[in-house]
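A short reminder: the numbers here are calculations on the coordinates, not readings from a lab. Keep in mind the model is a prediction, meaning the values are calculated, not measured. Using ideal geometry, Cβ is built from the backbone for each residue, glycine included, and neighbour counts are taken over all protein chains shown.
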Amino acid sequence: MGLLSAVVNGILMGGIYGLLALGLTLIFGIMKIINFAHGAFLMVAMILSYWLWRIMGLDPYLSIVVIIPLMFVLGYLTQRYLIKPVLDAEKDVREPIGALLLTAGLSVAIENFVLMVFGADYLMAQTSYSGASINLSGLSISVPRLYAFIATLIVTVLFYQFLNKTELGRAMRATGQDRGVALLMGINVPKVYGIAFGIGTAIAGLTGIFLIPFYYAHPTVGEVFITKAFIIVVLGGLGSVPGALVGGLLIGLVESVAAQYMTATWTAILVYFAFLVFLLFRPSGLFGSRYEW
Amino acid sequence: MPHRALLELRNVTIKFGGLIAVNDLSFTVNEGEIVGLIGPNGAGKTTVFNLISGVYRPTKGEIYFNGENIVGLKPYQVCQKGIGRTFQLVKPFGNKTVLYNVMVGAFLHTNNTHVSREKALEVLKLVGLHHRKDMLAKNLTIVDRKKLEVAKALATEPKLLLLDEVLAGLNPAEVNEAIEVIKRIHRAGVTILLIEHVLKAAMALSQRVVVIDYGRKIAEGPPEEVTNNPEVIKAYLGERYGAARN
Amino acid sequence: MARLASPRYYLPVLLILLLFALPLFVKSPYYLHIMAMVLFWAYMATAWNIVGGFAGQLSLGHGAYVAAGAYTSSLLFAYLGISPWFGMFIGGLVAGLMGFLVGYPTLRLRGAYYALATVGFAEGFRVILTNTTHIGKWKTGGAEGFMIPLLGNAPQHMQFISKVPYYYLILVLFLILVLICRWIDGSKLGYYLTALREDEDAALALGINTARVKLVAATLSAFFAGVGGVFYAQLIRYLEPNAIAGPIMSNQIVFLAIVGGRGTVLGPALGGLVLTLIGEITRVVFNQIMGLHLFLYGLLVVLFVIFKPRGLIEFLEVLWNRLVNLLERREGKHAA
């Protein structure tokens with residue numbers, strides 16, 4: 001694989017990482033919760049999408065219509081019935097970590113539930129376009145990855161517009177900035193939290209759906225992705241929307257391009273090292289100021 | 001009576017971004033005094049405490065304690081030098097008993113649990129909280145929380161005690177009770193610098209007051225003298241003294 | 001002797017005697033192995049609790065310390081012939097050093113940021129372990145794992161045919177650790193850790209060098225996790241990076257402590273005992289349904305965080321006080 005090809009593939013994969021990180025950063029920006037179950041939600045969507053394709057022959061991209069609302073509801077209910085009681089109980093705690101622990105437990109429960117029900121098999125939806133690629137004068141671009149990348153761009157733009165232009169989006173940003181003030185302004189904070197968690201989960205689901213035509217799903221596939229998503233949101237700045245996309249692209253590029261020059265181990269170690277350095281010395285991320293929620 | 005300066009601020013200034021919170025402030029607190037630091041809301045009183053106790057580092061100026069420059073020391077080092085402080089928003093360790101809370105402070109000068117307990121019980125008697133020693137800190141009434149806050153700081157055996165609005169939020173009877181506690185602490189040999197919003201109480205307690213407004217010292221002297229200072233009246237008393245007197 | 005007459009003293013003594021007597025009644029190696037593992041997990045949760053509970057720093061990367069201890073002693077044993085009895089200390093020290101090195105730069109991080117840093121560090125360490133097949137001339141096995149040479153019955157190298165010595169070894173390690181934690185809890189260090197956990201600014205104002213206290217907790221916790229790793233290596237005799245250094249190990253330790261009651265002396269151990277037993281029972285009853293016991297762990301964590309954030313220890317305290325009162329009253333009658 002030449003350098004150009006590595007760059008292109010890195011950008012495409014990076015877009016997918018960015019999409020997943022977008023959901024994570026949204027939940028953090030508004031609720032100040034690190035959602036450790038984000039990867040598990042991604043996995044659930046992958047498995048659902050796979051089985052809809054396998055049993056009903058539903059094209060994974062079409063399964064969006066079914067799965068995304070489902071994931072939204074799942075996220076909304078998770079926030080309403082699991083996270084909210086913990087947040088309420090920890091109102092006066094200076095450093096609440098109950099919600100973080102809860103999502104970590106939830107993640108393990110979901111992963112192992114799927115393991116019990118569906119087994120540990122590696123599943124991938126082998127669609128007609130799974131192996132397809134576009135050939136541009138010797139440069140080969142994987143079609144499903146390209147679709148996933150385009151979807152990422154669309155979702156990021158739509159999401160940005162939603163946050164800035166709609167009433168609900170503005171309410172969400174106000175809540176992220178200051179929960180107390182948002183309450184005074186008459187914003188229904190629990191509802192905003194529910195919607196934020198719902199959208200975050202739906203975005204994780206969307207990432208999963210775009211992965212399934214070319215990436216194997218298994219119960220712990222989420223762990224691979226969530227660690228990357230953590231790294232990305234820290235690099236881009238926890239809570240930053242553009243940071244998620246740029247951080248994703250950066251990680252995708254580093255993984256793909258560095259693989260040309262060094263072993264995957266060293267790439268991974270380099271990435272973790274960069275992650276720790278940012279966390280320690282620049283927790284606001286690469287781009288300095290955070291997106292103002 | 002020898003006036004030995006225990007604490008001395010020399011031209012202390014701190015800026016946050018472009019905002020000057022404390023501006024060229026100088027004053028001293030002599031050993032054995034009770035000095036009041038007063039001023040309208042947002043004058044920078046708590047910032048002064050945070051500067052003395054090492055939470056903030058001044059942009060300019062020096063702070064001497066016992067003749068030693070303490071600028072740059074961390075808050076725990078400042079405490080180890082002998083400056084205890086309370087917080088305006090009290091910070092009890094809520095899930096532990098009153099005695100436990102005070103023992104944390106008392107451990108500063110001992111590694112022994114028994115010694116620490118004895119010291120803590122002694123301090124609890126001094127502030128009048130002994131009968132509540134086994135109660136969880138989060139279940140205390142406001143006045144007792146304030147006493148606990150003072151007791152914790154006192155257990156570190158400070159030479160100088162910084163009290164940040166310990167009388168705020170108390171009813172008149174409680175204020176009198178708290179004033180007695182402060183006087184008792186003073187009689188035990190502790191020098192006190194206090195921030196107070198309840199002006200009458202501040203005047204009653206302090207031998208000397210320093211008035212600041214917009215981070216700048218505008219007056220200093222005995223309470224009765226300061227209350228007649230036109231600039232003070234303009235900045236602070238003019239609007240509120242009448243209300244405070246009632 | 002008057003002290004011993006109180007149930008508050010003789011009950012724990014009886015309990016410890018019972019733990020020591022168990023191998024007299026249980027002869028099956030299978031059950032002895034399970035009992036040793038139950039104590040191992042109780043030990044690990046207790047070790048984690050020093051930093052995760054007492055200091056309130058949510059470490060999600062303790063697998064790295066377990067692995068550091070296990071690999072250190074095993075490599076020294078396999079290639080230099082250093083007995084794991086000695087390797088246990090070296091392994092613990094290496095892990096402790098690692099805890100210190102992780103603790104130092106993360107001092108300023110709070111809450112979720114600290115948790116993320118520990119995840120990042122442990123994952124990085126796991127990747128290194130997985131991809132390192134040799135250290136110099138020493139073969140470490142990489143992703144395939146590392147087999148510890150089997151010598152048969154070699155007590156001087158911590159290897160036994162019978163499971164009984166393993167059980168006693170981990171029992172003693174566990175009791176020592178609990179005693180140390182009990183001592184910490186009632187000492188200056190314990191008071192300082194509590195202050196740090198509840199309000200760092202208030203702790204600083206009381207003259208507490210919070211950075212040093214955090215480092216002490218992080219180092220101690222990592223040291224004991226490393227020692228536990230050495231025991232694990234000798235019992236299982238096979239080290240697999242993903243199992244020992246990965247999130248499964250790290251998360252499991254945390255989950256046991258949470259369900260048991262973090263921040264208390266006995267809570268984490270209780271969580272370790274109860275959950276591991278539940279896990280083993282489901283494994284027997286539901287014969288090899290993959291993932292069932294971890295599913296239950298996850299579910300229990302969710303339920304406990306929501307409904308009983310202080311953990312199982314709360315039930316035990318109530319039960320314990322009732323039992324003690326009952327016994328004391330009965331003795332009172334006898335005396336009368």
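Only residues of region C:177-211 count here: report those whose backbone N is under 20 Å from the spot 7 Å along Cα→Cβ of C:Tyr104, or say none. Answer for this model: C:209-211. Couplings for region A:79-90, taken from phi via the Karplus curve 6.51 cos²θ - 1.76 cosθ + 1.60 with θ = phi - 60°, read 5, 5, 9, 10, 7, 4, x, 5, 4, 4, 5, 9 Hz in order; Gly and Pro are left as x. Straight Cα distances below 24 angstrom link B:Lys125 to the lysines B:Lys91, B:Lys96, B:Lys133, B:Lys138, B:Lys146, B:Lys147, B:Lys152, B:Lys159, B:Lys183, C:Lys188, with same-chain residues fewer than 8 positions distant left out. In this simple spin-label model, placing a label point 7 Å from the Cα along the Cα-to-Cβ direction at both C:Thr132 and A:Asp178 gives a separation of 5.0 nm.
Taking B:Ala202, B:Ala168, B:Ala188 in turn, the Gaussian network model of chain B (Cα-Cα springs below 10 Å) assigns the largest fluctuation to B:Ala188. Can you classify region A:1-92 as rounded, prolate or oblate using the Cα gyration tensor, where a ≥ b ≥ c are the square roots of its eigenvalues, rounded means a/c under 1.5, and otherwise it's prolate if a/b beats b/c and oblate if not? Cα axes put region A:1-92 in the oblate bin.
Arranged from fewest to most other beta-carbon atoms within 10 Å of their beta carbon, C:Arg262, A:Arg80 become A:Arg80, C:Arg262.
Take the Cα of C:Ile278, step 7 Å toward its Cβ, do the same at A:Ala120, and the gap between the two points is 2.3 nm. Take each residue in C:104-117, count the other chain C-beta atoms within 10 Å of its C-beta, and the mean is 5.
If you sort the three axes of the alpha carbon gyration tensor as a ≥ b ≥ c, you get a/c of 1.5 or more for region C:7-335 and a/b no higher than b/c, which makes it oblate. Rounded if a/c is under 1.5, else prolate if a/b beats b/c, else oblate: with a ≥ b ≥ c from the C-alpha gyration tensor eigenvalues square-rooted, which is the protein assembly as shown? Taking the square roots of the gyration eigenvalues as a ≥ b ≥ c, the protein assembly as shown is oblate. Short-range pairs are left out: with C-alpha atoms under 8 Å and at least six residues apart, the relative contact order of region A:3-281 is 43 percent. Per-residue shielding of C:245-256, expressed as the average number of other chain Cβ atoms within 10 Å of the residue Cβ, stands at 2. If I take R0 = 41 Å and measure r between the Cβ atoms of B:Lys183 and B:Leu19 in this structure, what FRET efficiency does the formula 1/(1 + (r/R0)^6) give, to the nearest 0.05? After rounding, the FRET efficiency stands at 0.65. Specify the residue with the greatest mean-square fluctuation among A:Thr166, A:Thr103, A:Thr220, computed from a Gaussian network of chain A linking alpha-carbon atoms under 10 Å apart. Of the options given, A:Thr166 has the highest mean-square fluctuation. Full extension of the chain between C:Leu319 and C:Phe307 gives 2.4 nm of extra length, using 0.36 nm per residue less the Cα-Cα distance. Projecting label points 7 angstrom from Cα along Cα→Cβ for C:Tyr31 and A:Ser5 puts them 6.2 nm apart. Evaluating 6.51 cos²θ - 1.76 cosθ + 1.60 at θ = phi - 60° for every residue in region B:88-95, the Karplus couplings come out as 4, 8, 4, 10, x, 7, x, 8 Hz, glycine and proline recorded as x. Calculated FRET efficiency, A:Ser284 to C:Leu80, Cβ-Cβ distance, R0 = 45 Å: about 0.45 to the nearest 0.05. The calculated FRET efficiency for the pair A:Met262 and B:Leu89, based on their C-beta separation and a Förster distance of 41 Å, comes to about 0.20. If contacts are Cα pairs under 8 angstrom and at least 6 residues apart, what is the relative contact order of chain C in percent? For chain C, the relative contact order is 31 percent.
Sparsely packed loop sites in region C:227-293 (the chymotrypsin sites (Phe, Trp or Tyr not before Pro) outside DSSP H, G, I, E and B with at most 14 other Cβ atoms within 10 Å) comprise C:Phe286.
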